[in-house]
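Shown next, in structure tokens, is the structure this report addresses.
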Ligand SMILES: NC(=O)c1ccc[n+]([C@@H]2O[C@H](COP(=O)([O-])OP(=O)(O)OC[C@H]3O[C@@H](n4cnc5c(N)ncnc54)[C@H](O)[C@@H]3O)[C@@H](O)[C@H]2O)c1
């Protein structure tokens, strides 16, 4: 029998495209949560639910769907799902990672990491935690700015342990003060070692002194690699990790 999935709210087209064509898909393409009675009715004959935190998946909802095998939350948090009620019925509950990069990862890596490739704006609109890992190059200066903060969820947390100028820090201060986003964790700063004064008094930001690589093992590996690169070049061999 063909497998059937209910997608209870809007999902990026890249993510929907991963579902095989021979699956039955019931898609609510709005960001308005389905009323409970409709969620129960539409889930009744489904094998799986793909939902966001705005869908409450409680005992009554899962009890009405005897064939349900998976509840797949598009979020890290899963407080909208009654995990115990699902477990009791053998229903697997998952929460999924979204990512964006200028270079898409191999399909195997996506599968292994359970990561879904989406465009940048879709990621910012969907993610509960946005963690930056891009390089700082001219193209990524102020990649996160007033416009992109306004795309993010009001409940979202931003983490930057990459490089400070990727974020427009003045816009971030406004975003945190005015509640466009919920909070931030910053290891790096736009004009390091200076920190935007607006960040210092905010209760919803955690600051660290650029320590993301500060373990003995990591620093030793970094130093060893720099020395090995140096020796390779001086001995007329290809550099081990050239920048370009
Ligand atoms: N806080 C710290 O102590 C610390 C320590 C190590 C690295 N870093 C920083 O962390 C970041 C990541 O380091 P890494 O070793 O993972 O680098 P990496 O080169 O392995 O990965 C960078 C990724 O950014 C992607 N990218 C480039 N331009 C992009 C864009 N415009 N939009 C989206 N993606 C883009 C690249 O394709 C690449 O996959 C760097 O900025 C690095 O300087 C910080």
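The values are calculated or read from the model by the stated rules, or taken from the named source; none is laboratory data. Remember, it's a predicted structure, so these values are computed and weren't measured experimentally. Here the Cβ positions follow ideal geometry from the backbone for every residue, glycine too, while neighbour counts run over all protein chains shown.
The residues in the range 187-216 that are out of contact with any strand residue (DSSP E or B) (no Cβ under 9 Å at 6 or more places or on another chain), in a helix (DSSP H, G or I) and surrounded by 15 or more Cβ atoms within 10 Å (Cβ to Cβ) can be counted, and the count is 1. For the range 40-56, residues that are more than 21 Å from the chain's Cα centre (by Cα) and under 14 Å from residue 5 (Cβ atoms) total 7. Entry remark, the range 114-131: residues being within 13 Å of the ligand (Cβ to nearest atom) and surrounded by fewer than 18 Cβ atoms within 10 Å (Cβ to Cβ) number 5 in total. Looking across 228, 174, one residue alone is more than 16 Å from the ligand (Cβ to nearest atom), over 16 Å from residue 130 (Cα atoms) and in contact with a helix residue (DSSP H, G or I) (Cβ under 8 Å, 6 or more places away or on another chain). It is 174. Please pick out the residue among 14, 112 that is assigned to a helix (DSSP H, G or I), in contact (Cβ under 8 Å) with a residue 60 or more places away in the chain and outside the structural domain of residue 140 (by TED's automatic domain parsing). Selected residue: 14, the only one of 14, 112 that is assigned to a helix (DSSP H, G or I), in contact (Cβ under 8 Å) with a residue 60 or more places away in the chain and outside the structural domain of residue 140 (by TED's automatic domain parsing). Based on what the data block shows, is residue 184 in contact with a strand residue (DSSP E or B) (Cβ under 8 Å, 6 or more places away or on another chain), crowded, with 20+ Cβ neighbours inside 10 Å and at pLDDT below 95? The answer is no for residue 184.
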